[in-house]
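Undergrad: One structure follows; several queries about it will come next.
The values are calculated or read from the model by the stated rules, or taken from the named source; none is laboratory data. If you're wondering where the values come from, they're calculated on a predicted model, not measured in any experiment. Positions of Cβ are backbone-derived with ideal geometry, glycine not excepted, and every protein chain shown enters the neighbour counts. Calculation scope for accessible area: heavy atoms of the full protein, side chains included, ligands and nucleic acids excluded. Shrake-Rupley method; radii C 1.70, N 1.55, O 1.52, S 1.80 Å.
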Amino acid sequence: DAGLASLAAPLSARRDLALDWLEAHANSKTLDAARKLLSATHAPEPGRVGALWLLHRRDQLEESDILNLLEGAPPQFNHHLILALEARPSLTSAATEALVGALTSRRAHVIRAAARALARHPSAHTAPALLTAYQNAPTADSHRHHQLKIALRNTLALPGALTSLPVDAAAPSEWLLDIVAAIPTSEAASFLIHNGIATLEDADATARYFAH
């Protein structure tokens, strides 16, 4: 199929045009061929990525398909699989656990993608893993810090999430207090009062947290 072949074209603009055309015109035979391409581990990676997004756009991709492909996937393809999970309307616990596992990747772009997905699909029990990922992130990687902060904010806003933090979070860093201060819940206010304000030396920060 010439359209599917164009998904692996050297130029990204041509790949994008091919994906848009296929989204509008692909028939069942083409979609079957896209499934085969997606599963072909030795196929060119751009073609597999294009097949992934074609099937996603046509609502022909199941969460289980993505999870099966995640095992042993090369880093760049892994990144697209995580983005496909993020784009789904909801996730099962198995998908959430796969995203938590991706937070320990050695590839920064994979960690950032996992954090984005967990920010969109927050689950209270992922808070400790997100906290660890933030603490382990290199100081210079501001993009990773930003994505993880958003994920932590959305996660810690869920009932019970703050109590799932490890014991050493009882004397939290100011960056964690700043995240909690952005959460408009009574649990967040209680956390600030009992776990943070008494240890602060910064008068402005103390006043900000009391206002919350």
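Undergrad: Restricting attention to helices (runs of 4 or more DSSP H) lying wholly within the range 6-63, give those where 1 or more residues are without any contact (Cβ under 8 Å) to a residue 12 or more places away in the chain and surrounded by fewer than 13 Cβ atoms within 10 Å (Cβ to Cβ). Before the answer, list the steps.
TA: Working: elements: 12-25, 28-39, 45-57.
Filter on the range 6-63 gives 12-25, 28-39.
Undergrad: What's the total number of residues in the range 64-74 that are outside any helix (DSSP H, G or I) and of a type in the set (A, V, I, L, M)? Lay out the reasoning, then the answer.
TA: Within the range 64-74, the first condition is being outside any helix (DSSP H, G or I), and the residues that meet it are 71-74.
Checking which are of a type in the set (A, V, I, L, M) leaves us with 73.
Of the residues in that region, 1 qualify.
Undergrad: Mind listing whichever residues of the range 70-90 are open to solvent by less than 30 Å² (accessible area, probe 1.4 Å) and more than 16 Å from the chain's Cα centre (by Cα)?
TA: Matches in the range 70-90: 73 only.
Undergrad: Looking only at the range 131-150, count how many residues are hydrophobic (A, V, I, L, M, F, W, C) and either in contact with a Ser or Thr (Cβ under 6 Å, 6 or more places away or on another chain) or free of Cβ contacts under 8 Å to residues at least 12 places away in the same chain (or both).
TA: Counting residues in the range 131-150 that are hydrophobic (A, V, I, L, M, F, W, C) and either in contact with a Ser or Thr (Cβ under 6 Å, 6 or more places away or on another chain) or free of Cβ contacts under 8 Å to residues at least 12 places away in the same chain (or both) gives 1.
Undergrad: Which of the residues that make up the range 151-169 are open to solvent by 80 Å² or more (accessible area, probe 1.4 Å) and either touching a Ser or Thr at 6+ places or on another chain (Cβ under 8 Å) or closer than 15 Å to residue 183 by Cβ (or both)?
TA: 153, 159, 163
Undergrad: If residue 158 passes every condition in (1) touching a Pro at 6+ places or on another chain (Cβ under 9 Å); (2) outside any loop (DSSP other than H, G, I, E, B) but one, which one does it miss?
TA: In the conditions (1) touching a Pro at 6+ places or on another chain (Cβ under 9 Å); (2) outside any loop (DSSP other than H, G, I, E, B), residue 158 misses (2) alone.
Undergrad: Among the candidates 87, 94, 43, which residue alone is at pLDDT below 95 and not basic (Lys, Arg)?
TA: Just one listed residue meets the conditions, 43.
Undergrad: Another question, then. With the condition kept exactly as written, say whether any residue in the range 30-41 is farther than 11 Å from residue 4 by Cβ and of a type in the set (Val, Ile, Thr).
TA: yes
Undergrad: May I pose another question? List pairs: first in the range 66-83 and within 13 Å of residue 98 (Cβ to Cβ), second aromatic (Phe, Trp, Tyr), Cβ under 8 Å, 6+ apart or cross-chain?
TA: What qualifies is 69/77.
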